[in-house]
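Accompanying notes for the structure given below.
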Amino acid sequence: MLFDATGVDPDILRTRYADTFKRYLAAGVDITREPMLVAPAPHTSLGGVCIDARCRVLKSDGSPIPGLFAAGEVTGGIHGLNRIGGNAGTEVLVFGRIAGREAASEANNQPRNMRNTRNLSTLSNFQP
């Protein structure tokens, strides 16, 4: 795909887009005089961790892993492998809030002795 910036004032391209201008010039393309080749590039991982509507991390059989929550790009989110560029901020805020509330709710429902971080050894027998 070609991006044509030849109608833009060359001084603007050289100053406001200096890094892009220099990168293309080093490759033999003067973007003030000819269109530049652009292509999509990976910019995010978009997950691999499956979650449910409560942001609980799911085992391969679809059942939730007790006490484990996730949000953001580690999950892939509701867009799967093709997230629309401007949605990341909203998505992480919405699902981060859900995950935080669910984790807090689960922690509050634990017996008092399980809330102490010194008891993390109880997780040593965890089997995903």
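Some notes on this structure:
- Residues of region 83-94 that are at pLDDT 85 or above and charged (D, E, K, R): none at all.
- All positions within region 95-128 that are modelled with pLDDT under 90 and either in contact with a helix residue (DSSP H, G or I) (Cβ under 6 Å, 6 or more places away or on another chain) or among the hydroxyl-bearing types (Ser, Thr, Tyr) (or both): Thr117, Ser121, Thr122, Ser124
- Here Gly28 passes the criteria (1) modelled with pLDDT under 90; (2) outside the structural domain of Leu93 (by TED's automatic domain parsing) except the one numbered (1).
- Test result for Asp52, at pLDDT 90 or above, exposed (fewer than 15 other Cβ atoms within 10 Å of the Cβ) and out of contact with any helix residue (DSSP H, G or I) (no Cβ under 9 Å at 6 or more places or on another chain): yes
- Qualifying residue in region 48-65 (condition: small (Gly, Ala, Ser), outside the structural domain of Ala107 (by TED's automatic domain parsing), under 17 Å from the mean Cα position of the chain (by Cα) and not in a strand (DSSP E or B)): yes
The values are calculated or read from the model by the stated rules, or taken from the named source; none is laboratory data. Keep in mind it's a predicted model, so treat the numbers as computed, not measured. Reconstructed Cβ throughout: ideal geometry from the backbone, glycine too, with neighbour counts over all protein chains shown.
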